[in-house]
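What follows is a set of notes on a single structure, which appears directly below.
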Amino acid sequence: MRCYGCLKEIRGKSQYCSKCKKNIFNNIDVKPLTFNKEEFYTFKSENTQRMSISGVQDKISLKFSDANILEPTEVQGHYILKPVPNTNSAQKIEDIPMNEHVSMQISKQIFKLDTAENGLIEFSDGELAYITKRFDYQKNRAHTVAKVEQEDFASILNYTSEINGRSYKYEGSYEAIAKGIKKYVAAYAPALEEFYKRLLLNYLIGNGDAHLKNFSLMRPLDRDDYILTPNYDLLYTGYHIENDSLTAIDLFDEYETEAFGAQGQYTLQDFEEFGLMIGIPEKRLIKIFKEILQNEPKVYEMVSNSYLSDAAKEAYVSNYEKKLHKYLLYFIDSFAFKDRSVLVKVLL
Ligand SMILES: [Zn+2]
């Protein structure tokens, strides 16, 4: 079978390779969950008021019992479990856990981004759910586990439901997040490049829900400075929500490129100018784009090895292809001002 973590082929009884067992489950032999999805929803409805995880997607916290069994918990949950949601506001929902899983694995293994540990796990009846390890619990110097200080960009940039209304997390811009990174992260140059690559990944996989709350800073234990948290909540939302937006929020605060004016969607010029604007050196931008082009076949291979349904695999690949060649690189051979684009000269 293919490992429920990294999707590589494995032999033997375990559903996770030894590396994933270590990274996700601290070397504990994880069995399928002892409850099914119905019991998940019963637990959730009984505990919703007291659960501390934010967001609207159906999820509960899990922790290992003394007998090393993963159990639902209201406190000290070090894992988050997300099954197929109980909703009719999205379509093809059976693929949602696998969609999130493969998107997170592309982030981790192909884009090499710092990504929350994640995998799939079976309910007692074999149905798959998505599981992710919380990164806001860490061991301190005394080797006890403690909670890490963490803040998302809605809160850092002061967008609240009181001031900005119900869709406050869709306000602001990626430029504003970049400025926040520069202001609060001591080692901001690599953090900005990491952030930039996350934006490209979100754009290419069709995540139209990368809003302000999906980017956060944290202060690791025993440190005084802030860093970006690992990447989380990645999903090709366009597969489940018809006519989903291409990005959750705007790239720029005020600015609009000529290409955007002509095309109405972000293309190479937008990402190039955005990258330069937030201070990523030209030669780094070229490297990033070259890697994206080189890695294209690896993305398709990983999708093909994933646990998505065949229809979802096909849609995932065709979306990625379209976003990369028809949107992101659209102006390479067709737009008049390509002469002044550094990336065009190199990528052609
Ligand atoms: Zn693995």
Within segment 187-230, tally of residues that are aromatic (F, W, Y) and assigned to a helix (DSSP H, G or I): 4
Meets criteria (modelled with pLDDT of 95 or more and surrounded by 14 or more Cβ atoms within 10 Å (Cβ to Cβ)) for I60: no
Residues that are more than 16 Å from the ligand (Cβ to nearest atom) and hydrophobic (A, V, I, L, M, F, W, C), drawn from segment 116-143: F123, A129, F135, A142
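Being farther than 18 Å from I69 by Cβ and either away from the ligand (no atom under 16 Å from the Cβ) or touching a helix residue (DSSP H, G or I) at 6+ places or on another chain (Cβ under 8 Å) (or both) is the filter here, so list the residues in segment 23-41 that pass it.
Listed by number, the residues that qualify are E38, Y41.
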Sole exception among (1) in a strand (DSSP E or B); (2) surrounded by 19 or more Cβ atoms within 10 Å (Cβ to Cβ) for I177, by number: (1)
Flag for Y226 being over 21 Å from L324 (Cα atoms), surrounded by fewer than 22 Cβ atoms within 10 Å (Cβ to Cβ) and hydroxyl-bearing (S, T, Y): no
Residue in segment 134-152 that is part of a helix (DSSP H, G or I) and in contact (Cβ under 8 Å) with a residue 24 or more places away in the chain present: no
Odd one out for D233 among (1) in a loop (DSSP other than H, G, I, E, B); (2) on the phi < 0 side of the Ramachandran plot; (3) buried (at least 17 other Cβ atoms within 10 Å of the Cβ): (2)
H101, sole failed condition from (1) under 18 Å from E127 (Cα atoms); (2) within 16 Å of the ligand (Cβ to nearest atom); (3) assigned to a loop (DSSP other than H, G, I, E, B): (3)
Subset tally (residues that are more than 7 Å from the ligand (Cβ to nearest atom) and in contact with a Gly (Cβ under 7 Å, 6 or more places away or on another chain)) for segment 1-22: 1
Positions within segment 253-275 being touching a Ser or Thr at 6+ places or on another chain (Cβ under 6 Å) and assigned to a loop (DSSP other than H, G, I, E, B), in sequence order: D253
Qualifying residue in segment 157-170 (condition: modelled with pLDDT of 95 or more and either part of a helix (DSSP H, G or I) or not assigned by TED's automatic domain parsing to the domain that holds G275 (or both)): no
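The values are calculated or read from the model by the stated rules, or taken from the named source; none is laboratory data. Predicted model only: the values in this text are computed from it and were never measured. Because the Cβ atoms are built from the backbone with ideal geometry, glycine has one as well, and the counts that use them run over all protein chains shown.
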